[in-house]
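Nothing in this text is a laboratory measurement; each read-out follows from the coordinates by a stated rule. The structure presented is a predicted model; accordingly, all values stated were derived computationally and were not measured. Heads up, the Cβs are rebuilt from the backbone with ideal geometry, glycines too, and the neighbour counts pull from every protein chain shown.
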Amino acid sequence: MKRLLAAIFTLLVSLPAIAFAAPPPTTVTGIPLDAPWKVTVYHLVRSSFKHPAWGWQHAERDYDLALRLANDDGLKVDTDVLFAAAMLHDMAAFPPYTVTTKEEHGAVAARESEPILRKAGFPMAKFPAVQAAMRGHMFYSNPGSEAEAIVLHDADSLDFLGDIGAVRIIALTGASAASAAPAIAELESFVKQIPPRLITKAAKRIGARRAKELQAFIDRYESESYGGKLP
């Protein structure tokens, strides 16, 4: 009996630690940072990748939306691969990873992310899938057949549409720009070019809605700028 009571007492003492274990930290939007390497990578992105168009907010939106697309289309994705690719795919826009050559920025990320992920403790057997997603993330790129690359491609494309797309591109004009006309022209090209290049069914639905939103913004802008004469 004494042994039984002692065993029960030991179990009861250990229950709080089991039942109330601290949950993993999360990102701003609630993405679980359920591995030490994710904490390290996210800290790097939050602290170093600051830009209204290409910064950490864009990376986090891409991950969230890519996961939504995968779920809606019934695609099985490796969240380790998707997280690493989404967080670092635009790293070439930031020093010390920027390059002066005409090399595609996704290819730069596929190369320069290797030591970062290795040092952080990323499971490097999955790194080729990360590289493929990075290389194919732009709307004009062919993402291939891997699910992670497909959903990242579509998510990144969708972030060029809708109100968020307008904000991102207009933010690139800067204080020294003569007018917003080039940005508006870029947005007009997105309305035409991006929707046909979307792959997943979910992205096509979202893309159609966001393209209409973006076109409505452009139309209002044209009207309020006297038919574009005062951009």
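So the values come out like this:
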{"item": "Sorted by Cβ neighbour density within 10 Å, fewest at the top, the residues SER225, SER176", "result": "SER176, SER225"}
{"item": "Sparse-neighbour loop sites [chymotrypsin sites (Phe, Trp or Tyr not before Pro); region 82-170; at most 13 other C-beta within 10 Å; DSSP]", "result": "TYR140"}
{"item": "Helix-only mean residue ellipticity at 222 nm for the chain, each DSSP H run of n ≥ 4 adding -39500 (n - 2.57), per residue, nearest 500", "result": "-20000 deg cm²/dmol"}
{"item": "√(5λ) per eigenvalue of the Cα gyration tensor, the chain, largest first, Å", "result": "41, 20, 18"}
{"item": "Exposed trypsin sites (Lys or Arg not before Pro) absent - longest run of the chain, DSSP non-H/G/I/E/B, at most 11 other C-beta within 10 Å", "result": "103-228"}
{"item": "Of LYS50/LYS119; LYS76/LYS119; LYS50/LYS229; LYS38/LYS212; LYS50/LYS102, pairs whose Cα-Cα distance is over 29 Å", "result": "LYS50/LYS229; LYS38/LYS212"}
{"item": "Kyte-Doolittle mean at least 0.0, axial Cα span of 15 Å or more - DSSP H helices of the chain", "result": "2-19, 147-158, 181-193"}
{"item": "Residue-wise HN-Hα coupling along region 28-33, computed from phi with Karplus coefficients 6.51, -1.76, 1.60 (Hz; x: Gly, Pro)", "result": "4, 8, x, 5, x, 8"}
{"item": "For region 168-215, the spread of Cα positions along each principal axis, largest first, Å", "result": "40, 16, 15"}
{"item": "Lys/Arg +1, Asp/Glu -1 at C-beta; region 160-231 dipole; positive extreme among LEU172, ILE199, PRO182", "result": "ILE199"}
